[in-house]
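Below is one structure, written out as structure tokens, with a few remarks after it.
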Amino acid sequence: MTRWAPRGAGAVALALAVAAACGKLGPDFNQLVAIEVAAPDSVEELDTLRPQARALDGRGHAVSADIVWATVDVAAVLEVVDSTTGVTAAAQPGTGHLQARAGALRSNLLTIRVRAAADTVFPPGLARDTVILSAPDSLSDSLGVLLQDTTATGAVNLTGRPIVFALTATYPSGAGRVTLVTSDAAYALVTTDTVVTSAGLAAVKVRILPGTPPDSVVVQAAATRAVGTPVRGSPVSFVVVVQP
């Protein structure tokens, strides 16, 4: 999500008051009085972002100005790669701040959270299961994946990240109805579901609905980074075999 930091009516009024106090007959509405800035709320580690800024005059109109970007943090969470364009690298997880400057005028601080980058996804258990139709409930075991960030001190399980599960094939094609469920009490037909990780884990089950059953079902779990590229190991494929 990208948001604009408000320039604030107080800042504009203060600048005009200063201009009047300096002996001018009236405020100079053409002078630069504020810098409006915007950037994503969060990015992933090792990604880059390009914040936006525009200079405003006393009428609130955008005007041309040489704007310079910088971080204001001691910790190197964010690193400005190009101070004139604002291109910034997310160096490490944490919270960083950016600020734009035009001459002596400075913008509000932009607070940006850098999240750990997912770099691997894999099934911690078996990627193959069997559903017995004669059992009390035609429900598979959990088909789960683990999403992690590899650090110098070891793997870190990532919480709150979306994993997209999808029924990609049934054999023979078109046989029976199959659904993905995250609750054993669910029977609604769902072929694609997004599950958020908890301690790195996300999982679904496969339920065989009434009708002619398939011989087997293929489910895939896909994880992507914030920039849209697939996480290493994605997609993870599961095969569910159906037996009488």
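The values are calculated or read from the model by the stated rules, or taken from the named source; none is laboratory data. Just so we're clear, the structure is a prediction, and the values are computed from it rather than from any experiment. Quick reminder, even Gly has a Cβ in these numbers, built from the backbone with ideal geometry, and neighbours come from all protein chains shown. Just the protein is used for accessible areas: all its heavy atoms, side chains included, with ligands, DNA and RNA removed. Shrake-Rupley method; radii C 1.70, N 1.55, O 1.52, S 1.80 Å.
The Cα-based radius of gyration and maximum Cα-Cα distance (Dmax) for the range 151-220 are 15.0, 52 Å.
Database remark: amide H of residue 224 closer than 5 angstrom to the amide H of 231 (H placed geometrically; neighbours at sequence offset of 5 or more, or on other chains; Pro and chain starts carry no H).
Scan the chain and hand back the longest stretch that contains none of the trypsin sites (Lys or Arg not before Pro) lying in DSSP loops with at most 16 other Cβ atoms within 10 Å.
In short, 60-176.
With the convex hull drawn around the C-alpha atoms of the range 117-163, the volume per residue stands at 95 Å³. Based on protein heavy atoms only, the range 43-163 ends up with 51 Å² per residue of surface accessible to a 1.4 Å probe.
Taking θ as phi - 60° and the Karplus parameters 6.51, -1.76 and 1.60, the scalar couplings of the range 140-156 work out to 6, 6, 5, 9, x, 10, 10, 9, 9, 10, 8, 10, 5, 9, x, 6, 10 Hz in sequence order, x denoting glycine and proline. Sorted from greatest to least, the principal axis extents spanned by the alpha carbons of the chain come out as 93, 39, 26 Å.
Enter the angle in degrees (range 0 to 90, nearest 10) between the Cα long axis of helix 9-21 and the first principal axis of the Cα atoms of the chain, meaning the one along which they spread out most. Approximately 10 degrees, to the nearest ten.
Solvent-accessible area of residue 48, all protein chains in place: 90 Å² (probe radius 1.4 Å, heavy atoms, ligands and nucleic acids excluded).
Taking all protein chains in place and a 1.4 Å probe, what share, in percent, of the accessible surface of the chain do carbon and sulfur account for?
For the chain, the apolar C and S fraction of the accessible surface comes to 55 percent.
The radius of gyration of the Cα set in the range 179-223, together with its Dmax, comes out at 11.7, 38 angstrom.
Treating only the Cα positions of the range 124-244 as identical point scatterers, give the base-10 log of I(q)/I(0) from the Debye formula at each q in 0.13 Å⁻¹. The Cα Debye sum returns log10 ratios of -0.52.
Projecting the Cα positions of 88, 68, 112 onto the charge dipole of the chain (unit charges on Cβ atoms of Lys, Arg, Asp and Glu, taken about the Cα centre) puts 68 furthest along the positive direction.
Working note: Cα gyration tensor of the range 50-128, eigenvalues times five, square-rooted, sorted largest first, giving semi-axes of 37, 14, 10 Å. The charge dipole of the chain, taken about the Cα centre with unit charges on the Cβ atoms of Lys, Arg (+1) and Asp, Glu (-1), comes to about 480 debye, rounded to the nearest 20. Mean-square fluctuations from a GNM of the chain, with a 10 angstrom spring cutoff on Cα atoms, peak among 63, 231, 217 at 63.
Evaluating 6.51 cos²θ - 1.76 cosθ + 1.60 at θ = phi - 60° for every residue in the range 33-43, the Karplus couplings come out as 10, 7, 10, 9, 10, 8, 6, x, 5, 8, 9 Hz, glycine and proline recorded as x. Label-to-label distance for residue 194 and residue 83 is 3.9 nm, based on points extended 7 Å past Cα in the beta-carbon direction.
When 112, 67 are compared by accessible surface with a 1.4 Å probe, the order from highest to lowest is 67, 112.
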